[in-house]
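The structure appears below as structure tokens.
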Amino acid sequence: MTLGADDLISLGLVAPERLDEVRRVAARYSVALTAEVAELIDPGDPSDPIAAQFVPAGAELEDDPGDLPDPIGDERWSPVPGIVHRYPDRVLLKPSLVCPVYCRFCFRRETVGRKGAMLGAAALARAFDYIRARPEIWEVVITGGDPFLLSPRRIEGIVETLGAIGHVAVIRFHTRVPVADPRRVRAALVAALRSEKAVYVVIHANHPRELTPAVRGAVGRIVGAGIPVLSQSVLLRGVNDDPAVLESLLRGLVAMRVKPYYLHHPDLAPGTARFRLGIERGRALVAGLRGRVSGLCQPTYVLDIPGGHGKVPLSPSAAEPGERAGEWVVTDRDGVRHRYPPGPGCRG
Ligand code: SF4
């Protein structure tokens, strides 16, 4: 079941005097959450990290001078509808822009959930033709919106079509469904992902409270079918910008057989300034993780350069050149610096 702006009042997640504010936000940006997500919210906590992610706030109507309507430049790299071709060897395929929940910090908030959010049959065929005609495309990332909201039959059709393209080796789904609507991950959906090609699923979770037993069950059904699951999270002020929260999230993911993949620095999406933190703070949090959790739990901290210039890692480097040629100075997890000698063949 999907809940809209008015349901938030009846569930007590928004005070009646805020109805107008919520409706004004809903007139500009899509609003929806699932019953599973609503149940996680503590209505008595004004700083609830789940509410912060999904319940609309009047601050979304305040534009910040740094905001960008298309923060990661999808439009600039979209040669045909439904395709984003930013890197030579991979494309994004966006068959639908509908989501089970609408995250208040979403980088595609100007486009998700709008009318015409589904790619029609002709446009989808054209997107496949684009991929077929370019042998350099090795990986297709199916995103949106959320591709797991498509029927299993449509997902199967996409997997089969891509699987039949010789040069496509990897099919990767990005989805919020296993976390936001875990009961949707049924046997038919999992079966639709079966392919001779490598299929990966990347889930999106930002707070350890999102990792409920039902979510563990949904992820278990995917992993149990032999499909590797990775995760991406967004570093969000007031949600997970805390060492203990990040540690618990990352440990929780790995314990359910999900490899943390990316930790995104928040994008400059309109009306999302309240979620942003400085890169310095992000790097300090990520550096702190080095001593707290194993390498298996470490995601890559990345920034999508505004304007569509691609992702860059932001993680602080533990190594820097030393005084002698070829020498390096490495910093351990306690901040103690050690010299590392030049390699063979290095003069100095
Ligand atoms: S699920 Fe993804 S695309 Fe949809 S609103 Fe959230 S961040 Fe945006």
Exercise for the section: Calculate, for the stretch 1-103, the solvent-accessible area per residue in square angstrom, rolling a 1.4 angstrom probe over the heavy atoms of the protein chains. Expected result: 45
Practice task
Quickly work out the residue 45-to-residue 75 label distance, labels modelled 7 Å from Cα along the C-beta direction, and quote it in nm with one decimal.
Solution key: 3.8
Completion exercise
Excluding residues fewer than 8 positions from residue 115 in its own chain, the aspartates and glutamates with Cα under 16 Å of it are 146
Problem - Extreme residue, positive dipole direction of the stretch 151-224, given options 201, 218, 157 (C-beta unit charges) - result: 218
Handout entry: Sulfur and carbon atoms: percent of accessible area, the chain [1.4 Å]
Key = 55
Handout entry: Å² of accessible area per residue within the stretch 204-348, as computed with a 1.4 Å probe and no ligands counted
Key = 48
Completion exercise
Computed over the chain, the relative contact order (Cα-Cα under 8 Å, seq sep at least six) in percent reads 15
Fill in the blank from the handout: All alpha-carbon distances of the chain, grouped into 10 Å bins from 0, give the whole-percent distribution 5, 23, 32, 25, 11, 4, 1, 0
Practice task
Provide the percentage of antiparallel DSSP beta bridges, counting only those with both residues in the stretch 216-311; round to the nearest 5.
Solution key: 10
Exercise for the section: For the stretch 89-119 and the stretch 304-326, write down the distance between their C-alpha centroids in whole Å. Expected result: 30
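The values are calculated or read from the model by the stated rules, or taken from the named source; none is laboratory data. What you are looking at is a predicted structure, and each value in this text was computed from that prediction instead of being measured. Virtual Cβ from ideal backbone geometry, glycine too; neighbours counted across all protein chains shown. For the accessible areas, the whole protein counts, side chains as well, though only heavy atoms, and no ligand, DNA or RNA atoms are used. Shrake-Rupley method; radii C 1.70, N 1.55, O 1.52, S 1.80 Å.
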